[in-house]
Amino acid sequence: MLTEEGTSRYVQAGRLRLHYHEAGEGGPLICIHGGGPGASGWSNFRRNFPELSRHFRTVLLDLPGYGRSNKVPVEGPPFRFYAAAVREFMDALGIERAHFLGNSLGGSVTLRLAMDHPQRAGRLVLMGPAGLLPPFAPQPPEGIKLLHSYYMPPGPSFERLRAFVDVMVYDPSQVTDDLLRERYQASVQPEVLANPPLGWHIARAMQEERLWLDLARVPHPTLIVWGRDDRVVPFDNAFMALRLMPDVRLHVFGNCGHWAQWEHAQEFNRLVIGFLGGTGDGALR
């Protein structure tokens, strides 16, 4: 049985000390979490990690500012800042090329990395990535408003976190009190409060980095996964990528919010493993 502590690892990646979880053998699959308060690789992908690691060398990365990784200010364009950290993380682990599974912020970072360093990415799975529609789309959505305001006065609270997570999912009864407590404690660490993560930068990232302009030059086979009832990054964002990306397919879950990997974990796992070519040997194809 995979445990949080039993799979916990650290690596020095450039100037950053990054935390991650790792299990499995074969071709590498790097999973990148979303940008909500208290997010981490383990909190986002704990329901997927055991099954994915049966097919791939599965790595759950904590981005800078999240989980147990260094808490540092975001420097420059946020998606590009995180993508550079992922590339240095790969260099530190000796991973030349990997498949990617990115949730929300993680999906946007995955796209940025594939654009800037296309040779480092194999297949891409993107779940509700931000930044796919031009600025004329209605902004910000309900979930982004709550994300942006979380660290604003009067500051974080357990009730604010619950309100945010309730928007993330279609059925809030799926969210346990243990998960909420875990994420709340992670969100109020002193070093996090000193450098609040992406919530403060999401509007700037979506306006300045304009991922939609470069979607046509992402040739990687890509699976886009969306919840029909997403209130954080609305479902209609998917259509820009579906129109522009050369090798793309879209899977939509009904009765599903922003956390498809959590709300429909078993079906999601089968979908991803099939798309990535998981055959038991984890070969990178």
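Every number here is computed from the coordinates shown, using simple stated rules; none is lab data. Quantities reported herein were computed from a predicted structural model and do not represent experimental measurements. Cβ coordinates were reconstructed from backbone atoms using ideal geometry, including for glycine residues, and neighbour counts include every protein chain displayed.
Quick look at the values:
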{"read-out": "Stokes-Einstein D in µm²/s, Kirkwood radius over Cα pairs - region 79-133 at 20 °C with 1.002 mPa s viscosity", "value": "196 µm²/s"}
{"read-out": "Ordering of 1-12, 218-229, 121-132, 88-99 by burial proxy (mean other Cβ atoms within 10 Å per residue, highest first)", "value": "121-132, 218-229, 88-99, 1-12"}
{"read-out": "Helical contribution to [θ] at 222 nm, DSSP H n ≥ 4, -39,500 (n - 2.57), averaged over the chain, rounded to 500", "value": "-10000 deg cm²/dmol"}
{"read-out": "Kirkwood Rh in Å, taken over all unlike Cα pairs in region 83-214", "value": "16.5 Å"}
{"read-out": "Globularity index of region 41-155, i.e. its alpha-carbon radius of gyration over 2.2 N^0.38 Å", "value": "1.14"}
{"read-out": "Rg/Rg_globular for region 1-65, with Rg_globular taken as 2.2 N^0.38 Å and Rg from C-alpha atoms", "value": "1.06"}
{"read-out": "Cα-based Rg / Dmax (Å) for the chain", "value": "17.0, 51"}
